[in-house]
1. Checking the structure you have, find out if any residue of region 472-483 is hydrophobic (A, V, I, L, M, F, W, C), touching a helix residue (DSSP H, G or I) at 6+ places or on another chain (Cβ under 8 Å) and within 18 Å of Arg534 (Cα to Cα).
2. Could you list, ordered by first residue, the pairs with Cβ atoms under 6 Å in which the first is in region 434-449 and not assigned by TED's automatic domain parsing to the domain that holds Leu412 and of a type in the set (A, V, I, L, M, F, W, C) and the second is assigned to a helix (DSSP H, G or I) and surrounded by 14 or more Cβ atoms within 10 Å (Cβ to Cβ), at least 6 apart or interchain?
3. Return the total of residues in region 509-538 being of a type in the set (D, E, K, R), part of a helix (DSSP H, G or I), surrounded by 15 or more Cβ atoms within 10 Å (Cβ to Cβ) and over 35 Å from the mean Cα position of the chain (by Cα).
4. Do we have any residue at all in region 399-414 that's aliphatic (A, V, I, L, M) and part of a loop (DSSP other than H, G, I, E, B)?
5. Looking at region 226-262 only, could you name the residues that are of a type in the set (Gly, Ala, Ser) and surrounded by 12 or more Cβ atoms within 10 Å (Cβ to Cβ)?
6. Would you check which residues across region 137-163 are within 13 Å of Ser202 (Cα to Cα) and either of a type in the set (Asp, Glu) or out of contact with any strand residue (DSSP E or B) (no Cβ under 6 Å at 6 or more places or on another chain) (or both) and list them?
7. Among the candidates Arg374, Arg363, Arg316, Arg311, single out the residue that is under 21 Å from Ser246 (Cβ atoms), assigned by TED's automatic domain parsing to the domain that holds Tyr273 and without any contact (Cβ under 8 Å) to a residue 24 or more places away in the chain.
8. So the check is Cβ under 6 Å with 6+ separation or different chains; which pairs have a first residue in region 451-478 that's outside the structural domain of Thr506 (by TED's automatic domain parsing) and crowded, with 16+ Cβ neighbours inside 10 Å and a second one that's modelled with pLDDT of 95 or more and part of a helix (DSSP H, G or I)?
Amino acid sequence: MNDRAMPGPVPADADASGPDSRLATPPVAAPYIERSKVASASAVLLRAWARISPFSARDMVVDARLHRQGGRIGGDPEEGPRGPSGDDLNTTSLEPYVLGEHTVAGIDFLAQVDTHLRFTYISEAGLRFMGFHRAFLEATSLSALVPDADAALLADTIAQARVSAEPVGCTLRMNKSLTYPAWVNLRIAQIHGSDGNLAGFSISASDISAWALRQERLSFEAEHDALTGLDNLVSIQRRLQRAFASGVQGKARVALLSIDLDAFQRINNALGYEAGDAMLKLTAERLSASVDADDVVARTGSDEFIVMTRRSVDARSSEALARRLLAAISQPYSYEGQSLHLAASVGIASSDQIGNDERQLLRGADQALYRAKRIGGNTLMFFNDQRDPEAADKLKLEAELYEGVRNGEFSLHYQPISDIASLEVVGVEALMRWHHPTRGLVQPTTFIPLAEAVGLISYLGDWALKTACMQLALWDSLGMRLEYIAVNVSAQQFREPAFAATVRETLELTGVEPSRLVLEITESVLMHDPQHARSLLEDLADIGIRFAVDDFGTGYSSLAYLQRFPLTELKIDRSFIENLSESRNDQAIVTAVAALAHTLNLRLVAEGVETEAQRALLIQLGCGHIQGWLLCKALPANELADRFMSRELAIDAHGK
């Protein structure tokens, strides 16, 4: 608000026509027009207003009440306003005539000012809009009605109006009596005296306060987070742009701290999203209380925040700030009487390292955050401008993975599974291989996690399933009938809604009996969503498909699931076989698993068997089947067929 003294409002019971209020008789445009020529002043005002109004002259609604001094409003409304002689008011004639008070739709304030912006005329509607006595406004100026914050804008607009033959305008605030300033759309046009010189300005203003409030609300919502009320990413970007633009020679010192709550989804999963929202609000409050007054805290993602600081820019200060934030988050939370704990990771980047580029600064903070998350979280890391060769190679390999899929660089190798005593082959496991044109054979431990990360694993898994079943049918046609073929199923593939339909379609397409297909699934896949897993397994088991738990012993610690799911086979992970001859612990584990499998009537397959000593010990411990290099490594389909044909590998004729 302007600090100029403001009089009180017009009393509600004041007589608008009384001599004290002086509301009925508009003041003339003194000193340029004598009081006896008030009609001419009104005509001048009307002509000027017709230029600055958004409406045409014929759109004006003219009050039928004539001026107290008498007179008439001339002209047919269809012809536009006309003077008493019939002349159009847009002429330059200043021949006196009497004009009534005009009320124009959309215009709340209509007035004249002299070249010093002192009021020389104010309409009745304008007085009501502003809430001031006419006497006060006669003694003041337009500048006095504008808050200090908008004074420069008004001065600029007046300066334009002094040299412009066309109306000029701006949007600013005007002080009303005993109210907050009202936003108005102000239009200003020149008024010339009879000598042709600039005599003043005609002023019109439309109240746009409601629109301004809506715009202010929309602007706030566009730059603030709805849940916490904090700034959002858009606001941070704009603040960075302003900071860099206002810096000396385009440079400013700013640091960003990117914060991510570790494993926050577990709160939503366990207690619901209402609890998660409550934790986020509390976290926002704690972060805001931990920073300096001129620092900015923003929520930029579901569980991600950013702190923008211009004080704690150097490494020591920003690290101290980050540790304060981590400490604030680590304090216990409470939700409906339950104590909860959160941890967070922080990535720090500063303009001292990266420069005055808001995008690069945000990316630098994200890169540092990623490094903090990668080493386990609950820590802080600084931006490192040295590129990570491993990450660069991984990114390149990702692009090559897509090319490999398009170019048919993937194939299946098959590793025999045999009876441990007779070494006769009962089945094979289909194993995916990637033959890269320049890298050679890419290990599954490298490309399978990458395929999962980029969403290609389901496509590759479905392709492997169809290819494996087709190969089994082909071997059948060549007289090499195996009991079964085992195919691995990824977590993403298992969760696909169409997975069961894909399996049925594959069996129908290839003609393979369902009982000859074993789907290998890890413990973690089964326990991710036990209800869904049980329903899916039972659905497919009903048509004869069998299921094996792969890498048994390395995943979920509870054995209760073995009774809950329709399983037929356990595969002991190679980590328990590698040192079996020397490790009594591994021997004890294998013995227990063998007993468990026997009790539950499950086939037991030991993976990674490479020596006769391991095989002999596994026989003693009660294992029935083996898979590994002792028998045969994974081979392409044609090479494995050659070994079957040459009797180097014998197929179990009993199909047990």
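1. No, region 472-483 has no match at all.
2. none
3. Residues in region 509-538 being of a type in the set (D, E, K, R), part of a helix (DSSP H, G or I), surrounded by 15 or more Cβ atoms within 10 Å (Cβ to Cβ) and over 35 Å from the mean Cα position of the chain (by Cα): 2 in total.
4. No: zero hits.
5. Across region 226-262, the qualifying residues are Gly229, Ser235, Ala243, Gly247, Ala252, Ala255, Ser258.
6. Ile158, Arg162
7. Step by step, each of Arg374, Arg363, Arg316, Arg311 is checked, and only Arg311 is under 21 Å from Ser246 (Cβ atoms), assigned by TED's automatic domain parsing to the domain that holds Tyr273 and without any contact (Cβ under 8 Å) to a residue 24 or more places away in the chain.
8. Correct list of pairs: empty, since none qualify.
The values are calculated or read from the model by the stated rules, or taken from the named source; none is laboratory data. Keep in mind that this is a model prediction, so the values were computed, not measured. Don't worry about glycine lacking a Cβ; one is built from the backbone with ideal geometry, like all the others, and counts go over all protein chains shown.
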